[in-house]
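A short reminder: the numbers here are calculations on the coordinates, not readings from a lab. Computed from a predicted model, the values in this text were never measured in an experiment. Methodologically, a virtual Cβ is constructed for each residue, glycine included, from the backbone with ideal geometry; neighbour enumeration extends over all protein chains shown.
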Amino acid sequence: MAMQELYFNIDNGYLEGLVRGFKGGILRRTDYANLVQCETLEDLKLHLASTDYGNFLANEPSPLTVNVIDDKLKEKMVIEFQHMRNQSVEPLCTFMDFITYSYMIDNIVLLITGTLHQRPISELITKCHPLGSFEQMEAIHVAATPAELYNAILIDTPLAPFFVDCISEQDLDELNIEIIRNTLYKAYLEAFYEFCSQLGGTTSEFMCRALEFEADRRAFIITINSFGTELTKDDRSKLYPRCGKLHPDGLAALARADDYDQVRAVAEYYGEYKPLFEGAGNNPGDKTLEDKFFEHEVELNVNAFMQQFHFGVFYAYIKLKEQECRNIVWIAECVAQRHRTKIDNYIPIL
Amino acid sequence: MSLYLYGGYTGTVFFILVLVGVYYALSGQGYRFDFGWFLTETSPYMWANLGVGLTISLSVVGAAWGIFTTGSSIVGGGVKAPRIRTKNLISIIFCEAVAIYGIIMAIVMLQIIEPFDADMARYEVRKANFMAGYSLFGAGLTVGLCNLVCGICVGIVGSGAALADAQNGSLFVKILIVEIFASVIGLFGVIVGIIQTSRVSMGNKA
């Protein structure tokens, strides 16, 4: 849609102002400098109280654990997201729903795995990510086989089209659960990419770039993780999302790769991914490849806020908040275990 | 889908008009398409009042567009940064100024409209009144369209100013300068409109 500036604010002006206000509360380098100085989790709680988080841990019984901190951090992000989702209208509400589908996929896979291992459903529900909750969650344990699960429950969720594209009823019984997760995620990414391209304007400009990076990153990670497992090259290439820059030549090359060096060679052809592989290594003191990917993602998402009148700011805000949660939990773990050598391995955002 | 629908409608209408025009041209009735007849037979009052209507309505549309663009951003940004609420009302005032230009011009133009005796008037009187009608219409278009885009422009800049102010308070004054330049273009429209209507008069004297 051209000239978005003219009518974006009719439906979405308030929410854009709100999300930018939330983004202003993301922790800065000085806040992180304070946090790494903490000796105990109580210190951490005190320092977090002076940031945008406020007294979010006030009602928790001591002693604090890292799990409790993680849950409360997530809860704050979820409350903010739900408030914005409740106020939004089309097409922003579909856009925000797409953001939640990735958490839904994780929840479904968690519930299926848990049910297979005979865990009680109440315990599993508490482990699910609140952003990805859907109505039929409690009913998952009723289904005996995955095929029944699909027919009875999953077909009513918003994720049903992602199952239809890639997995048939027979497949659900035999496939490994991780393959199900990756196939679902591939279908979800491609659908999200399609939706954003059709929105047009600055939204599609930013979101397509962000989703291309996400797709390529998954392709690299799936390839690297599949070395030494029983996953055949054909199966592996079926899991690669096709909406990234690597499609089609890079993906074909990745499908043929046998070890890390060949993957690195594929990345050499792409200007954005070459520096990510160059700096990474497994020696102590090096950043891991995952860290470099996270850094690049943070850089991309911070740039969303440089333009006005597009939906990318909502997606970017959720991703940056997630990274902030990961950072704070990392620092909290280092503090709790008194193992401070790697405490500076968080990824600064602003 | 709707693109095909609207494209279809416009195509059909355009085709029918072309067909009618070609029929007239080819059957020797081209003289019937008489623009001069249209201009002399329509009353200058129609043109003058259309001009007045365009002035006020397009200016108000521009002001409203600007106000909602800026206002929603101020409301959103003011949740986490309440200090911006009062200062950013200046942007709203700049948008409102656009509507005020419109109403002033409309009132100035209204004063010019006077009755005249169309049948008994001399040629010079009719000439002067027709010119007044066309001038008022032109001035209405000028002022109305200038204020429309000025209002939209001030609104978009004001929205950016509110959101920037929420993040960093020192940015507001700098973006305000951009807004001042934006609101000047509405003033240009008013100046030209005043010149267009300053020398015309209606009535039986001329």
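A few notes on this one:
- Histogrammed with a bin width of 10 Å, the alpha carbon distances of the range B:38-197 distribute as 12, 34, 23, 16, 9, 5, 1, 0 percent, first bin at zero.
- The alpha-carbon of A:K245 sits under 17 angstrom from the alpha-carbons of these aspartates and glutamates, leaving out residues fewer than 8 places away in its chain: A:E190, A:E194, A:E205, A:E212, A:E214, A:D216, A:E268, A:E272, A:E297.
- For the range A:341-348, backbone phi angles converted through the Karplus equation (6.51, -1.76, 1.60; θ = phi - 60°) give residue-by-residue couplings of 5, 9, 5, 8, 7, 7, 10, x Hz, Gly and Pro being listed as x.
- Modelled label positions at A:I221 and A:R338, each set 7 Å beyond Cα in the direction of Cβ, lie 3.4 nm from each other.
- Loop-located GluC sites (Glu not before Pro) across the range A:183-279 with a Cβ neighbour count of 10 or fewer within 10 Å are A:E230, with loop assigned by DSSP.
- Only one residue of B:I112, B:Q167, B:F35 has its Cα farthest out toward the positive end of the dipole of chain B, where Lys and Arg carry +1 and Asp and Glu -1 on Cβ, and that residue is B:Q167.
- Sorted on the mean count of surrounding Cβ atoms within 10 Å across their residues, most packed first, peptides A:299-312, A:253-266 read A:299-312, A:253-266.
- Test item: B:70-80 mean partner chain Cβ contacts at 10 Å: 6
- Close amide H pairs (under 5 Å, H built 1.01 Å from N) link A:K245 with A:D216, residues at least 5 positions away or on another chain.
- Residue-averaged [θ]222 nm for chain A, counting only DSSP H segments that reach four residues, each worth -39500 (n - 2.57): -21000 deg cm²/dmol
- Nearest-20 debye value, the range B:38-197 charge dipole, Cβ charges on Lys, Arg, Asp, Glu: 700 debye
- Loop sites by DSSP among the trypsin sites (Lys or Arg not before Pro) of chain B, restricted to those with at most 15 other Cβ atoms within 10 angstrom, leave B:1-82 as the longest stretch without any of them.
- Working note: Debye formula, equal point scatterers on the alpha-carbon atoms of the protein assembly as shown, no solvent; log10 I(q)/I(0) at q = 0.11 Å⁻¹ is -1.11.
- In a simple Cβ point-charge model (Lys, Arg +1; Asp, Glu -1; nothing else charged), chain A has a dipole of about 780 debye relative to its Cα centre.
- Residue by residue along A:247-260, Cβ atoms of other protein chains within 10 Å of the local Cβ number 0 on average.
- Phi-derived couplings, Karplus 6.51 cos²θ - 1.76 cosθ + 1.60 at θ = phi - 60°, listed residue by residue for the range A:118-123: 6, 8, x, 5, 5, 5 Hz, with x used for Gly and Pro.
- Contour excess over end-to-end distance, with Cα ends at A:K238 and A:Y7 and 0.36 nm allotted per residue: 79.1 nm
- Of the GluC sites (Glu not before Pro) found in the range A:1-90, the ones in coil according to DSSP and having at most 10 other Cβ atoms within 10 Å of their Cβ are A:E39.
- When each of A:K72/A:K342; A:K319/B:K174; A:K319/B:K80; A:K321/B:K80; A:K127/B:K80 is checked by Cα-Cα distance, pairs over 22 Å: A:K72/A:K342; A:K319/B:K174; A:K127/B:K80
- Under the span-like rule (Cα at least 27 Å along the axis, Kyte-Doolittle mean at least -1.0), DSSP H helices of chain A: A:66-87, A:92-116, A:177-199, A:201-226, A:312-337
- Legend: calculated FRET efficiency, A:E42 to A:E290, from the Cβ-Cβ distance at R0 = 45 Å, rounded to 0.05, equals 0.90.
- Once the Cβ-Cβ distance of A:E148 and A:T229 is raised to the sixth power relative to R0 = 30 Å, the FRET efficiency obtained is 0.60.
- Where only DSSP H runs of four or more residues are counted, chain B gives -29000 deg cm²/dmol as its mean residue ellipticity at 222 nm, each run worth -39500 (n - 2.57).
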